[in-house]
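> Next up is a structure, given as structure tokens.
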Amino acid sequence: MDEGYVHREARDVVIQLSINYNWRTPGTEDCVTACVLSATEGDHRLDRAEQGSRAVSRAMAAAAGEPELAMHLAAVMLLALVAATAAAQPFPFKPIRIVVAATPGGGVDTTSRIVGQGLSDRFGQPVVIENRPGGGGALAGDIVARAAPDGHTLKTISISHSVLPSTHRNLPYSPERDLVPVSVMVNGPNVLVVHPSVPARSVKELVALARAQPGQLLYSSSGNAGPPHMAMELFKMVAGIDLVHIPYKGTGPGITDLVAGRVAMTFASVISVRQYVDTGRLRLLATSGAKRAAIIPDVPTMAEAGVPGYAVDVWYAMFAPAATPREALLLLNAEVARFLNQPPVKAKLADQGLETVADSLDRTDAYIKAETLKWAKVVKAAKIVAE
């Protein structure tokens, strides 16, 4: 990191300490400035221990006759020295922890482990995967929001990140204020499927059926405010239809009941329903995304199939604490993109029904903000409240 960044980090420590100690003694600010510059611009021919010793001596001399101030300045200088030392180390300088807001085995977890291995190989540091499902992603988010903002603690999550601010009103942290995006790693295309008994062979026919039978068609989801629920509520809002939500505890039970004919339809990942579509036990009508899914290129999008303006990309993204240095964010963003765009990695992801996104840091930030606004409108219209 550049020298200016090191000085800014050290000065931030001093400013906070001066506020905490409520220093008002004349000349204190000048002493603090001199001490910090001395600590962060020390003689690099000396080791840090020797620089620390000299820094303390200078602090005592600067506050001669004022023992309390001298002690405070000495503490400041040592802390500034520690801050400068930590900031000067090239990122990453210790193991990286990825807190996954999902259970093991799902799309977010699988993507996190693939990316984690790539980052470990690239950086030469261990990457620890920690699954912390719960609260629609709130548990993992709170852990990472409270972590040291040095780029070594990250969160991975689905579109639930952009839903949380609207559905959870008493979060212990703010997803928008306390976390920043690193990368939208991949998109997991979802599809609209119906039971064969439903007399609709296209999205247009399904819309017509729903309008003729308002409040009679049931749809399943993996749970309240989860991606399938949100995708269907957006469908209802854009198409102007009334469907009844039946939430399940996870994707599997909902699909099981759909195959059995207990519900009429759902949105689900291609991988989770493909075997049933191939054997005629479910009928596939469209993909949910803004563009056709590479794994099923002949299947139209919802917009192409008759619902203009509809698009739901079920993305899996990585976030960091809000105060993480931009240099670390840029490096992580670049390395995630480099890794995910390697042909063997893209092929491995494709086997899981996942498509690489990995856009730039600024475009990722703009996209997440737009997604949060979009889902806030859906939550308000559907009156969704987290359970």
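> What's the number of the only condition in (1) open to solvent by 20 Å² or more (accessible area, probe 1.4 Å); (2) among the polar types (S, T, N, Q); (3) within 29 Å of ALA350 (Cβ to Cβ) that ASN170 fails to meet?
The failed condition is (3).
> Let me ask you something else. Test of understanding: among VAL163, VAL198, which residue is touching a strand residue (DSSP E or B) at 6+ places or on another chain (Cβ under 9 Å) and β-branched (Val, Ile, Thr)?
Only one candidate qualifies: VAL198.
> Assuming ALA293 fulfils every condition listed in (1) open to solvent by 10 Å² or more (accessible area, probe 1.4 Å); (2) in a loop (DSSP other than H, G, I, E, B) apart from one, which condition is it?
Unmet condition: (1).
> Answer yes or no: is there a residue in the range 177-198 that is at negative phi and free of Cβ contacts under 8 Å to residues at least 40 places away in the same chain.
Within the range 177-198, none of the residues are at negative phi and free of Cβ contacts under 8 Å to residues at least 40 places away in the same chain.
> Kindly evaluate GLY137 against the criterion of being at pLDDT 95 or above, on the phi > 0 side of the Ramachandran plot, open to solvent by less than 40 Å² (accessible area, probe 1.4 Å) and not hydroxyl-bearing (Ser, Thr, Tyr).
no
> OK, next. Tell me which residues, restricted to the range 254-273, are in a helix (DSSP H, G or I), open to solvent by 40 Å² or more (accessible area, probe 1.4 Å) and at pLDDT 95 or above.
Hit for the range 254-273 is THR256, nothing else.
> Hey, another quick one. Does the range 360-387 hold any residues that are surrounded by fewer than 15 Cβ atoms within 10 Å (Cβ to Cβ), part of a helix (DSSP H, G or I) and among the small types (Gly, Ala, Ser), and which are they?
Those that are surrounded by fewer than 15 Cβ atoms within 10 Å (Cβ to Cβ), part of a helix (DSSP H, G or I) and among the small types (Gly, Ala, Ser): ALA366, ALA370, ALA381.
> Ok, one more. Just one of the numbered conditions (1) closer than 27 Å to PHE235 by Cα; (2) open to solvent by less than 40 Å² (accessible area, probe 1.4 Å) is not true of VAL357; which one?
Exception for VAL357: condition (2).
> Just need a number here: residues in the range 206-228 that are modelled with pLDDT of 95 or more, open to solvent by 20 Å² or more (accessible area, probe 1.4 Å) and closer than 19 Å to ALA303 by Cβ.
Going through the range 206-228 one residue at a time, the tally reaches 2.
> Could you tell me whether the range 234-245 includes any residue that is open to solvent by less than 20 Å² (accessible area, probe 1.4 Å) and within 25 Å of THR103 (Cβ to Cβ)?
For the range 234-245, residues open to solvent by less than 20 Å² (accessible area, probe 1.4 Å) and within 25 Å of THR103 (Cβ to Cβ): present.
> Also, quick follow-up: I'd like to verify a number: residues in the range 369-387 that are without any contact (Cβ under 8 Å) to a residue 40 or more places away in the chain and of a type in the set (A, V, I, L, M, F, W, C), how many?
2
> Also: Check ALA366, ALA358 and return the single one that is without any contact (Cβ under 8 Å) to a residue 12 or more places away in the chain and within 20 Å of the chain's Cα centre (by Cα).
Going through ALA366, ALA358 in turn, just one is without any contact (Cβ under 8 Å) to a residue 12 or more places away in the chain and within 20 Å of the chain's Cα centre (by Cα): ALA366.
> Here's a follow-up. Is there a residue being of a type in the set (Ser, Thr, Tyr), closer than 20 Å to GLY136 by Cα, in contact (Cβ under 8 Å) with a residue 40 or more places away in the chain and in contact with a helix residue (DSSP H, G or I) (Cβ under 9 Å, 6 or more places away or on another chain) anywhere in the range 254-266?
The answer is yes; a qualifying residue exists.
> Could you list, in sequence order, the residues of the range 331-387 that are among the β-branched types (Val, Ile, Thr) and closer than 22 Å to GLY106 by Cα?
Passing the criteria: VAL336, VAL345, THR356, VAL357, ILE368.
> In the range 300-336, which residues are in a loop (DSSP other than H, G, I, E, B), touching a residue at least 24 places away in the same chain (Cβ under 8 Å) and of a type in the set (Asp, Glu)?
ASP313
The values are calculated or read from the model by the stated rules, or taken from the named source; none is laboratory data. These figures come from a predicted structure and were not determined experimentally. Don't worry about glycine lacking a Cβ; one is built from the backbone with ideal geometry, like all the others, and counts go over all protein chains shown. Ligands, DNA and RNA are excluded from the accessible area calculation, which covers all protein heavy atoms including side chains. Shrake-Rupley method; radii C 1.70, N 1.55, O 1.52, S 1.80 Å.
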